[in-house]
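These notes are about the structure you will find just below.
The values are calculated or read from the model by the stated rules, or taken from the named source; none is laboratory data. Given the structure is predicted, the values throughout are model-derived calculations rather than measurements. All Cβ positions, even for glycine, are placed from backbone atoms using ideal geometry, and neighbour counts span all protein chains on display.
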């Protein structure tokens, strides 16, 4: 499934469209499509001060709660911002099992290339609550343990960054 971004809201930032109409300068006829993964769902749309469009949602299997956060940014003409291209997922894989978890969950980061990496955990308010790794990693899979002690029941975001990209996984305790 693909996320469909309609540019109707762009009328507020574009002089070439009337309010309530699609901006023909955005994408193809006021629309653009981006495929992030399987079963994409968009939940929010926002505009940056420079006019870029930010679309946020999830990708994955909602029925099993095996989902990842998906964020896509678009230039004012509807083209995706190159740094946000889905190729990031091809360079790094991030999984967590079991999810939801009680006592602990195993967070596995798989890197295609060796390099510096940081694996952090954030609560629903965006506060960093744990750093599972910060330093060099060899190519391949590496597993880190996220303990539930000290974490309130709720939703947490595990973010792995390095090599110019990032991967995100939602976990529930």
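Data overview
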{"read-out": "Qualifying residue in the range 130-151 (condition: surrounded by fewer than 11 Cβ atoms within 10 Å (Cβ to Cβ) and either out of contact with any strand residue (DSSP E or B) (no Cβ under 9 Å at 6 or more places or on another chain) or not assigned by TED's automatic domain parsing to the domain that holds residue 111 (or both))", "value": "no"}
{"read-out": "Yes/no for residue 72 being assigned to a strand (DSSP E or B), touching a helix residue (DSSP H, G or I) at 6+ places or on another chain (Cβ under 7 Å), surrounded by 17 or more Cβ atoms within 10 Å (Cβ to Cβ) and modelled with pLDDT under 75", "value": "yes"}
{"read-out": "Selection count, the range 83-108, where residues are over 26 Å from residue 140 (Cβ atoms) and at pLDDT below 65", "value": "0"}
{"read-out": "Given (1) modelled with pLDDT under 65; (2) under 16 Å from residue 48 (Cα atoms); (3) surrounded by 13 or more Cβ atoms within 10 Å (Cβ to Cβ), index of the condition residue 80 fails", "value": "(1)"}
{"read-out": "Residue ID - nearest to residue 171 (Cα to Cα), chosen from residues in the range 117-129 that are surrounded by fewer than 12 Cβ atoms within 10 Å (Cβ to Cβ) and touching a strand residue (DSSP E or B) at 6+ places or on another chain (Cβ under 9 Å)", "value": "124"}
{"read-out": "Positions within the range 107-119 being assigned to a strand (DSSP E or B) and without any contact (Cβ under 8 Å) to a residue 40 or more places away in the chain, in sequence order", "value": "108, 110"}
